[in-house]
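K.L.:
Right, I'll just put the structure down here and ask away after.
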Amino acid sequence: MILDIVTYPDPRLKEACEPVGEITPEIRQLAADMLETMYAAPGVGLAAPQVGRNIRMIVMDDGAQEEQRRPRVLINPQLTLEGEKIVSKQEGCLSVPFNYRADVTRYERVRLRARDLDGAEIDEVLTDFAAIIVQHECDHLDGLLFIDHISRLRRSLYDTKIKKCLKRKSAG
Ligand code: ZN
C-alpha cells in the first residue's frame, strides 16, 4: 500500500524516533509499504517518520536510479561517520516541498550497524551514494532534514517561499 508522505513544516518531522523492539508482522508490513511508497515516489530512501511513524526504521535502495533494484530495510540503524567530508550534490527529500535541492556536506564513508527484518545483525561499511542516502535517512530519525544542514540565508529564503505558499493555500 502506498502511504501518505508527511511534508515540511509538519512538526512530526522534527521529533526524535523511538527504537524498534520486536519485529512484528506490523513492522514487516510497514517496511513493505515504505518500500512501495519509496519506489512509487520515486525516491532512493524513506524513513518511518516520513510516513507518520515515530520509529527507527528506514528503507533505501542505492540502485533504484539504475533500474537495478537493491531494496534494504534497516532497523535501529547506528552510524559512525568516517573518512573525508564530501559534498552531496543537489540533495533532495520526498518530505521537502517544491522538489527543493541543495548541496549538503556529508561523509564519504560510514560504518553502519543495524538489524534487518529477520533480526540479523548488520555491521558494514558503506561508501559513495549508499553512504549519502543512509546519512540522510538516519538524520530523519533524529528529527533532522537536509535543509537543517544548509546555510542560514538559503534556509530563510526557502522558509519564506514555504510560508507564502501555505498562506495562499489557507486563503484559497
Ligand atoms: Zn528525506
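The values are calculated or read from the model by the stated rules, or taken from the named source; none is laboratory data. This is a predicted model, so every value here is computed, not measured. Cβ sites come from the backbone with ideal geometry, for glycine too, and all protein chains shown count toward neighbours. When the accessible area is computed, the model is the full protein with side chains, heavy atoms only, and any ligands, DNA or RNA have been set aside. Shrake-Rupley method; radii C 1.70, N 1.55, O 1.52, S 1.80 Å.
K.L.:
According to the square roots a ≥ b ≥ c of the eigenvalues of the Cα gyration tensor, what is the shape class of the range 93-151, taking rounded for a/c under 1.5, prolate for a/b larger than b/c otherwise, and oblate for the remainder?
P.N.:
prolate
K.L.:
Follow-up. Assuming a ≥ b ≥ c are the square roots of the Cα gyration tensor eigenvalues, decide whether the range 1-110 counts as rounded (a/c under 1.5), prolate (otherwise, with a/b larger than b/c) or oblate.
P.N.:
Values: a/c = 1.35, a/b = 1.27, b/c = 1.06.
It comes out rounded by the Cα gyration axes.
K.L.:
Under a Cβ-only charge scheme (Lys and Arg +1, Asp and Glu -1), can you give me the dipole magnitude of the range 10-98 about the Cα centre, in debye to the nearest 20?
P.N.:
Charge dipole of the range 10-98: 100 debye, to the nearest 20.
K.L.:
Here's something else I'd like to know. Under unit Cβ charges (Lys, Arg +1; Asp, Glu -1), what dipole magnitude, rounded to 20 debye, does the chain have relative to its Cα centre? Mind showing how you got there, number by number?
P.N.:
Working: 25 positive and 28 negative charges, 246 e Å.
Rounded to the nearest 20 debye, it is 1180 debye.
K.L.:
Mind checking the per residue accessible area of the chain for me, 1.4 Å probe, whole number of Å²?
P.N.:
Numbers: 9660 Å² over 172 residues.
With all protein chains present, the chain gives 56 Å² per residue.
K.L.:
Residues with beta-carbon under 11 Å from that of residue 106, excluding residue 106: net charge, scoring Lys, Arg +1 and Asp, Glu -1?
P.N.:
With Lys, Arg at +1 and Asp, Glu at -1, the neighbours total -3.
K.L.:
Normalised by the number of residues in the range 80-150, what is the relative contact order in percent for Cα pairs under 8 Å and 6+ residues apart?
P.N.:
Relative contact order of the range 80-150: 29 percent.
K.L.:
Let me ask something else about it. Quick one: Cα centre-to-centre distance for the range 1-52 and the range 121-170, in angstrom?
P.N.:
15 Å
K.L.:
Explain nothing, just the number: relative contact order of the range 2-83, from Cα pairs under 8 Å at least 6 residues apart, as a whole percent. It would help to have the intermediate numbers written out before the result.
P.N.:
Working: 109 pairs, mean separation 23.6, N = 82.
It rounds to 29 percent for the range 2-83.
K.L.:
Please give me, ordered by residue number, the GluC sites (Glu not before Pro) of the range 21-101 that lie in loop per DSSP and have at most 14 other Cβ atoms within 10 Å.
P.N.:
Counting only loop positions with at most 14 other Cβ atoms within 10 Å, the GluC sites (Glu not before Pro) in the range 21-101 are 22, 67.
K.L.:
Under the definition of Cα pairs under 8 Å and six or more residues apart, what whole-number percent is the relative contact order of the chain?
P.N.:
22 percent
K.L.:
How much of the DSSP bridge set in the range 4-109 is antiparallel, in percent, rounded to the nearest 5?
P.N.:
95 percent
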